[in-house]
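Here, each number is a calculation from the coordinates, and none is a lab measurement. Keep in mind it's a predicted model, so treat the numbers as computed, not measured. Positions of Cβ are generated from backbone atoms using ideal geometry, with glycine treated the same way; all protein chains shown enter the neighbour counts.
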Amino acid sequence: MKEIIENTQAYLASIPGIKYVDENWGQLDLYSPAPPVQFPCVLIDVINTRFSDIGLDKQAQPQNRQMSNFILEVRVADIKTTNSSARAPLNQRNQARHIFDLMEDIHVKLQGHSATSKCGKFIRTSQNRVQRDDGIREYVILYSGDEHNV
C-alpha cells in the first residue's frame, strides 16, 4: 500500500494548480482554524482493503499469495475566497468554482491509471461533498483498485 500512496502522490503532484498533495492523516480535521496545508490541496489514502487467496507460489514469500481489492480515497479541498454570485464578474465566478476543474483534472489523471506494476487500473466509484462549517470546500472521490500477488 505504501508504494500505491507514494506513486499516486507523485502522479497527482504534477497537476497544475494543486499546491499540496499528501497522505491524509487528518490535516483538514484536526488543526482548525488553520490546517497545515496549502490550498487547493489533495489528500489521499488507501481505505477498506479486502484480501482473497489466489494460490500458492513456493518461490515467493509468503508462499500463499493473495489479491487485494481496495478503495483509494482522494480528498480535494479549497477555501473559497472570491464571490460566486450570479452578479459577480465572470473571472471571480470562475475562480470560485476552480475546485471543479481540479476534480476533473484529477479524474482524467487517475481513471484507468495503474499505481504500480502489480495494480489494476483505478476506476472511479463515487464522489461526495463534505459539509463543513469552516469555509473549506471539500469533496471525497473514491476509486476502486486491486493489487495482485501480495
The rounded separation in angstrom of the Cα centers of the range 91-135 and the range 11-52 is 12
Which of the residue pairs 58/121; 19/121; 80/109; 2/109; 80/121 have a Cα-Cα distance greater than 22 Å in the structure shown? 58/121; 19/121; 80/109; 80/121
Could you point to the residue in 40, 141, 81 farthest towards the positive end of the chain's charge dipole, with +1 and -1 charges on the Cβ of Lys/Arg and Asp/Glu respectively? 81
Considering every pair of different Cα atoms, what Kirkwood radius, in Å, is found for the chain? 16.9
I'd like to compare 36-47, 16-27: which one has the highest average count of other Cβ atoms within 10 Å, and what's the full order after that? 36-47, 16-27
If you line up the long axis of helix 2-12 against the longest principal axis of the chain, both from Cα atoms, how many degrees apart are they, to the nearest 10? 40
Could you give me the ³J(HN,Hα) list for the range 134-141, computed from phi with Karplus coefficients 6.51, -1.76, 1.60 and θ = phi - 60°, whole Hz, x at Gly and Pro? 10, x, 8, 9, 9, 10, 10, 10
